[in-house]
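Okay, so here's the structure we're looking at.
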Amino acid sequence: MNTNRRSTLAGLIGLISSTALWAAEPMVLPPLKKQASPEKVLAEHLDAVEKSDWNRLVAQFPEDGEVHMLDGQVAKGRAAIGKLFVGFVTPRPNGLKGIRFVPQTSAKYGDTIMVYWKAEAPFLAEPYYGSDAYITHDGMMAGMVTTFDGSKLKFKK
């Protein structure tokens, strides 16, 4: 494994370190909740992240949902995706609760919305920029491809 891949993986693992608590007991997944359009799926996702609402985040993903991350890492299925999002609802220093992803530009192709975003939070020393492709189907978040790399965030001291 090369150094860049190790640091990316270490950054992701560090941000979701609280996942071990969830893995120790069966994860109770929220009921699925469909949205009326791809735009509503995206709006629900961004609002759920901003409000650190794990149930709303996971309610969007069907059982066969996938999140593709850097270096070929893939979270498949609701339970794996639920574990992935634990870090976004866990307070600092172990998580990113309070981070906000602000769309800068977007483009829609069928049921897929690509977004170039800026991540900001009171605990970040500077904004962090990245892109996601949100693949929706039948009112759900069927998949996500993200450039998010937690190891690149710069935190205030």
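Miscellaneous remarks
- Here the residues His68, His45, ranked from fewest to most Cβ neighbours within 10 Å of their Cβ, fall in the order His68, His45.
- In terms of distances greater than 22 angstrom between alpha carbons, the cross-link table entries Lys83/Lys108; Lys118/Lys156; Lys51/Lys157 yield Lys83/Lys108; Lys51/Lys157.
- Ranking of Lys154, Lys34 by count of other Cβ atoms within 10 Å, fewest first: Lys154, Lys34
- Gain on full extension, evaluated as 0.36 nm per residue between Val102 and Asp138 minus their Cα-Cα distance, stands at 10.5 nm.
- Stretch gain in nm, segment Lys40-Lys157, where the contour uses 0.36 nm per residue and the Cα spacing is subtracted: 38.5 nm
- In order along region 34-47, the phi-based Karplus estimate (6.51 cos²θ - 1.76 cosθ + 1.60, θ = phi - 60°) of 3J(HN,Hα) comes to 7, 10, 6, 7, x, 5, 6, 4, 5, 4, 5, 4, 5, 5 Hz; Gly and Pro are listed as x.
- This ranking places Tyr116, Tyr128 by how few other beta-carbon atoms lie within 10 Å of each, fewest first, which gives Tyr116, Tyr128.
- Summing Lys and Arg as +1 and Asp and Glu as -1 over all other residues whose Cβ lies under 10 Å from the Cβ of Val67 gives a net charge of -1.
- Spatially, region 31-62 and region 89-149 are offset by 12 Å when compared through their Cα centroids.
- Distance between the pseudo-spin-label points of Lys33 and Lys51 (7 Å out from Cα toward the beta carbon): 0.7 nm.
- Counting Lys and Arg as +1 and Asp and Glu as -1 over every other residue whose Cβ lies under 14 Å from the Cβ of Gly110, the net charge comes to -2.
Values quoted throughout were computed directly from the atomic coordinates according to the rules given, and no laboratory measurement underlies them. Computed from a predicted model, the values in this text were never measured in an experiment. Note that each Cβ is placed from the backbone with ideal geometry, even for glycine, and that neighbours are counted across all protein chains shown.
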